[in-house]
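Participant: Okay, here's the structure, questions in a sec.
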Amino acid sequence: MTTTKSFADEASASPNTPIVMLEEIGKSYGSIHAIRGVSLSVRQGEITCVLGDNGAGKSTLIKIIAGLHDYTSGRMSVNGEERHFSSPRESLDSGIATVYQDLALAPLMSVWRNFFLGNELTKGPFRQLDSATMKRIAQEELAKMGISIPNLEQPVGKLSGGQRQCVAIARAIHFGAKVLILDEPTAALGVNQSGVVLKYVVKARDAGIGVIFITHNPHHAYLVGNHFVVLKLGRVALDTHRSEITLEQLTTEMAGGSELEALSHELRDIDAEVVVDTAVEEDRT
């Protein structure tokens, strides 16, 4: 409780100070450069969207901030202090929670057990699970986020994909996250479930959390994002605020920008009316 209060006091005194700052971060695996010269700032109550295609460097960036990998060049600071995380536990203890696509939830366990997974409350000399308290807290914390799950005893695997994402987000916030990294939270969801998750991403921001929203979907990013960073081949191709870019521009940049324009020139002379006769092609082979 003391740590949360002191952080809140510090953040309110200087709301524009980044919670996490990456300066010219690089990660190499021998002669292979996964990312180079990546700079990123995460502030309280702001959603920073990191976009990029497969192989752009998003996963490497997540792993560095989450403590799975250390960086090989540049500087990363948390609350102004330079940090090198040697494990995910160090990152989590610094207030950085990562919600991966697989969510790290146990499908056959109840919702409330998943909420406290790894942080169970006990009571009595024999340290029995304090199930009543955990159920009450889980219900209260989910309600704070506007998440309604009438039966917390049901296996979490029976929830929709969007509901499972929301449980993971609420859990991270309850256990003191100052920065929340969301790894493609809408990638495997339909339109309605994606909307549910995006709503709770905004709720996390409004609760004063600094959110890093990793996605390849510019439409989802533009719905909730305050700041956009586009990665290409391990480098920052775009770094801009919402007020300085339109959805069309973001989509174009994400789709390839100049590369897409060059491809359109190459394809311009293709006759769309030409249809290949598959029967003739099969005879030729």
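Participant: Enumerate the lysines that LYS232 could reach by cross-link, defined here as Cα to Cα under 18 Å, with residues fewer than 8 away along the same chain left out.
Facilitator: In chain and number order, the partners are LYS27, LYS58, LYS63.
Participant: Can you list the lysines whose alpha carbon sits under 24 Å from that of LYS158, skipping same-chain ones fewer than 8 residues off?
Facilitator: Once the sequence-local lysines are set aside, what remains near LYS158 is LYS135, LYS144, LYS199, LYS203.
Participant: Also, I was wondering about something else. Where does each of 19-30, 220-231, 114-125, 244-255 land if you order them by average Cβ count within 10 Å, highest first?
Facilitator: Output ranking for 19-30, 220-231, 114-125, 244-255: 220-231, 19-30, 244-255, 114-125.
Read-outs: derived from the displayed coordinates by stated rules, not from any lab. If you're wondering where the values come from, they're calculated on a predicted model, not measured in any experiment. Using ideal geometry, Cβ is built from the backbone for each residue, glycine included, and neighbour counts are taken over all protein chains shown.
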